[in-house]
1. In the stretch C:11-25, which residues are under 18 Å from residue C:62 (Cα atoms) and either away from DNA strand E (no atom under 14 Å from the Cβ) or buried (at least 19 other Cβ atoms within 10 Å of the Cβ) (or both)?
2. If you check residue A:23 against the conditions, is it in contact with a helix residue (DSSP H, G or I) (Cβ under 6 Å, 6 or more places away or on another chain) and either closer than 21 Å to residue A:68 by Cα or modelled with pLDDT under 95 (or both)?
3. Of the residues that sit in the stretch C:34-43 and are more than 13 Å from every other protein chain (Cβ to nearest Cβ) and not in a helix (DSSP H, G or I), which one is nearest to DNA strand E (Cβ to nearest atom)?
4. Among (1) within 16 Å of DNA strand E (Cβ to nearest atom); (2) crowded, with 16+ Cβ neighbours inside 10 Å; (3) more than 14 Å from every other protein chain (Cβ to nearest Cβ), there is one condition residue C:7 misses while meeting the rest; what is its number?
5. For residue D:61, only one of the following conditions fails: (1) within 29 Å of residue D:170 (Cα to Cα); (2) within 15 Å of the chain's Cα centre (by Cα); (3) within 16 Å of DNA strand E (Cβ to nearest atom); (4) surrounded by fewer than 20 Cβ atoms within 10 Å (Cβ to Cβ). What is its number?
6. Take the conditions more than 20 Å from residue A:128 (Cβ to Cβ), touching a helix residue (DSSP H, G or I) at 6+ places or on another chain (Cβ under 8 Å), modelled with pLDDT under 95 and buried (at least 19 other Cβ atoms within 10 Å of the Cβ) and apply them to residue B:188. Does it pass?
7. Out of everything in the stretch A:148-176 that is touching a residue at least 40 places away in the same chain (Cβ under 8 Å) and more than 15 Å from the chain's Cα centre (by Cα), what residue ends up being nearest to the other protein chains (Cβ to nearest Cβ)?
8. Could you check the stretch C:44-76 and list, in sequence order, the residues that are free of Cβ contacts under 8 Å to residues at least 12 places away in the same chain, within 13 Å of DNA strand F (Cβ to nearest atom) and in a helix (DSSP H, G or I)?
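The values are calculated or read from the model by the stated rules, or taken from the named source; none is laboratory data. Every value quoted in this text rests on a predicted model; they were computed, and no experiment measured them. Virtual Cβ from ideal backbone geometry, glycine too; neighbours counted across all protein chains shown.
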DNA sequence: AATGAATGAGTTTTCATTCAT
DNA sequence: GATGAATGAAAACTCATTCAT
């Protein structure tokens with residue numbers, strides 16, 4: 001019997017290598033060979049497992065989004081307070097894991113990919129809807145009809161900070177980003193309180 | 001008689017075509033031939049004028065940033081009130097001209113280019129510094145030490161909304177974007193007012 | 001207990017699958033994997049049994065030629081009349097079994113293979129010589145020196161009709177083909193009869 | 001001004017080289033590079049002019065069929081006698097030009113191509129229909145209802161002899177082939193004459 | 001015996017770039 | 001100034017074949 005069960009291992013290795021290479025070079029113009037080499041195998045094997053470069057990129061994108069989604073879910077587990085939950089989502093966006101420069105750089109490139117690839121766009125839309133509905137869900141009890149606009153602003157802030165991180169802006173840490181977005185949330189919520 | 005003074009015309013045509021094609025396809029993966037064809041000339045001529053594809057892209061980027069800079073300047077002319085000036089800058093970001101989907105899509109791709117090309121990064125940094133210093137200059141008198149953070153947030157909001165526009169998000173107009181960012185500015189300023 | 005005697009079964013399955021795939025696609029550009037999959041095994045096993053793709057194709061060719069040879073032999077068994085025997089050979093060429101479109105398409109491709117592979121050419125030559133000698137043997141007593149030319153014409157007619165069948169020409173049945181060739185034979189023989 | 005008007009020259013050179021290479025190797029498995037090298041240029045240029053390998057092959061096929069068609073036309077010019085015209089068509093099939101082994105080998109491969117490529121099949125069908133209608137047109141006045149069957153037989157004979165030629169059968173000359181087919185025509189016509 | 005794993009060699013195709021005119 | 005011609009270099013993808021188990 002042959003060596004068996006390599007597929008998931010290889011796929012995982014390729015996906016990781018793809019993210020790393022896209023992140024490192026900051027472009028989707030990485031060759032399958034580069035990625036495969038980084039993952040320790042031949043480009044032929046990469047094609048064997050993914051069928052095409054596009055499929056590999058989409059898998060990489062799914063991995064990034066899933067990782068993000070998982071982190072959000074586990075952050076939310078057990079939290080009941082609305083504001084608490086909102087801050088947890090924001091925290092997940094800028095967590096150690098998700099806010100690594102190369103992951104964020106890959107993220108930026110996936111935005112670009114989404115202009116070309118309908119499937120990539122779909123993935124991004126799903127992710128965005130989920131983020132949005134999470135935020136609106138917890139904002140509505142606090143600020144009512146202003147919830148959707150505020151959610152949109154939070155999402156935009158996050159994306160904007162991601163761009164800065166992708167550009168390796170100095171002095172931009174996850175903590176600073178969280179602080180910035182949180183402060184926006186505070187002011188948005190407090191506004192409601194005022195007469 | 002030789003055609004004289006064609007150079008600026010040709011260059012302009014190529015730059016416009018480059019922006020249009022990058023915006024239309026949503027990717028930097030456009031060929032020189034495509035761009036040259038759209039500009040009504042041969043790809044050889046494009047090389048003649050720009051030396052290389054990269055230089056052409058950089059010129060296109062400069063054009064976009066200049067167009068933006070010019071618009072900001074003319075918006076600011078004659079305005080004295082700090083808040084007024086801040087809102088003018090924001091308005092320029094989402095003006096008819098600058099917020100066209102294809103321009104914004106090109107913009108997003110220039111962010112990506114900046115990861116690879118030091119010159120592109122330099123251009124972006126210059127632009128960003130100018131935007132930032134404009135904002136800080138007018139925020140400081142109003143909110144003091146909170147000015148830098150707020151400026152950063154405004155810039156991030158703008159970039160985040162640009163990404164949404166690049167993705168052709170429905171119901172996202174320049175006016176709505178201005179409203180969203182302005183509302184953030186309002187709340188940031190009003191916060192100061194509180195004891 | 002080890003499966004015993006699998007070899008001939010596997011080989012037969014592969015040969016059949018090869019003929020079917022070549023016939024189906026109408027080209028030698030079928031992959032070993034395709035054939036192996038159709039035969040219900042891995043491509044590695046196909047190599048195990050045949051050593052190489054070329055050998056597999058040659059075996060497939062041998063199978064087709066053998067099947068044909070066997071059918072001719074059994075058709076001729078017990079037949080004594082010269083004309084009767086000639087018609088029997090012709091009948092075998094267009095029998096249900098041999099004139100199936102996919103077999104004929106494979107046949108056409110074996111002609112092509114024979115241009116490249118000496119062994120394939122040898123097989124085809126052997127088959128052709130046998131067909132020819134069969135025909136000449138029975139034609140000579142009937143038409144003397146005109147036998148070789150007539151045999152060649154009969155063979156050419158058969159090949160020509162095979163090409164039509166490979167192209168899936170409509171209204172071309174085995175029976176119609178037999179009729180056409182037989183009619184030629186009739187006229188060739190009757191010519192002799194004339195003064 | 002650039003060197004101009006190379007396109008038809010290059011295309012012709014490539015088509016000739018394609019026919020020669022397909023004929024020489026007896027297979028469609030020739031690479032674009034091989035063909036381009038033989039035609040004295042880079043494979044990139046071949047793609048520039050033909051867009052794809054398939055298109056190049058189709059052009060080669062068209063060239064072969066056109067050459068044939070032209071020769072038939074010029075052979076028929078001025079001939080009025082039905083039998084005379086039939087023999088002229090047959091003569092064209094086996095002319096010095098058309099019956100060159102490599103052309104015939106290419107021809108055989110085009111039959112194979114026609115199994116895969118609808119356009120190739122279309123070309124072949126057109127050619128075949130024209131040949132057939134030429135023959136029937138001149139046979140009908142001579143043998144009435146037997147014309148279609150006889151035409152089909154003549155076409156099959158020609159194709160069969162082409163296969164032999166593609167296999168480089170010894171002692172098979174154009175003249176011998178003409179003789180063989182002509183003799184069939186004679187016997188087919190004389191049959192009618194008999195009571 | 002049997003197969004999943006793995007790859008080297010090769011093929012088509014694309015494209016920025018150069019050149020001769 | 002302007003362009004058709006031309007190509008080298010590289011990329012995605014394929015596949016026969018080998019190997020370890």
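1. If we filter the stretch C:11-25 for residues that are under 18 Å from residue C:62 (Cα atoms), which is where we start, we get C:11-23.
Across the stretch C:11-25, the qualifying residues are C:13, C:14, C:15, C:16, C:17, C:18, C:19, C:20, C:21, C:22, C:23.
2. Spelling it out, residue A:23 is indeed in contact with a helix residue (DSSP H, G or I) (Cβ under 6 Å, 6 or more places away or on another chain) and either closer than 21 Å to residue A:68 by Cα or modelled with pLDDT under 95 (or both).
3. Step one: filter the stretch C:34-43 for residues more than 13 Å from every other protein chain (Cβ to nearest Cβ), giving C:34-41.
Cutting the leftovers down to not in a helix (DSSP H, G or I) gives us C:39-41.
Details: C:39: 9, C:40: 8, C:41: 4 Å.
That would be C:41.
4. (2)
5. For residue D:61, the exception is condition (4).
6. Answer is yes for this residue.
7. This residue is A:168.
8. Listed by number, the residues that qualify are C:44, C:48, C:55.
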